[in-house]
């Protein structure tokens, strides 16, 4: 996988990194919507790669693990992740130019955001009062 996306390893905490990742994803998503509308496959691939890398960073940051942008992704070592991630991610990687891959990536980002919120709720619930 290309390393053209800025890695958010320099952030001081996961909340800051994830906030930046989501912000960047929203920009990429708008660009991708326009590219698919115009059937621009060359630039679509570049933007999809960027979106995929942002998704992976989001997953690793949510799980407080070092970001790994190489395959195979160690999904079995990741606790907070979308349902059926292996199959869904493989589909996106095998056909990144398809509009359906973009829709799938968009759904994965939404689901990962829910996993991130779930993790934060669990973390707060496990802290002792006081």
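The values are calculated or read from the model by the stated rules, or taken from the named source; none is laboratory data. Source: prediction; values computed, not measured. Virtual Cβ from ideal backbone geometry, glycine too; neighbours counted across all protein chains shown.
Can you go through 69, 108 and tell me which one is modelled with pLDDT under 95, surrounded by 13 or more Cβ atoms within 10 Å (Cβ to Cβ) and either outside any loop (DSSP other than H, G, I, E, B) or touching a helix residue (DSSP H, G or I) at 6+ places or on another chain (Cβ under 9 Å) (or both)?
Working: 108 fails: modelled with pLDDT under 95.
Sole residue among the options that is modelled with pLDDT under 95, surrounded by 13 or more Cβ atoms within 10 Å (Cβ to Cβ) and either outside any loop (DSSP other than H, G, I, E, B) or touching a helix residue (DSSP H, G or I) at 6+ places or on another chain (Cβ under 9 Å) (or both): 69.
If we scan the stretch 73-85, do we find a residue that is assigned to a helix (DSSP H, G or I), buried (at least 16 other Cβ atoms within 10 Å of the Cβ) and at pLDDT 95 or above?
Of the stretch 73-85, the ones assigned to a helix (DSSP H, G or I) are 75-77, 85.
The next check asks that each one be buried (at least 16 other Cβ atoms within 10 Å of the Cβ); those that pass are 85.
So of that shortlist, the ones also at pLDDT 95 or above come out as 85.
Scanning the stretch 73-85, I find at least one residue that is assigned to a helix (DSSP H, G or I), buried (at least 16 other Cβ atoms within 10 Å of the Cβ) and at pLDDT 95 or above, so the answer is yes.
Tally time: how many residues in the stretch 29-65 are in contact with a helix residue (DSSP H, G or I) (Cβ under 7 Å, 6 or more places away or on another chain) and assigned to a loop (DSSP other than H, G, I, E, B)?
1
With respect to the stated conditions, residue 113 fails to be in contact (Cβ under 8 Å) with a residue 40 or more places away in the chain, more than 20 Å from residue 46 (Cα to Cα), touching a helix residue (DSSP H, G or I) at 6+ places or on another chain (Cβ under 9 Å) and in a loop (DSSP other than H, G, I, E, B).
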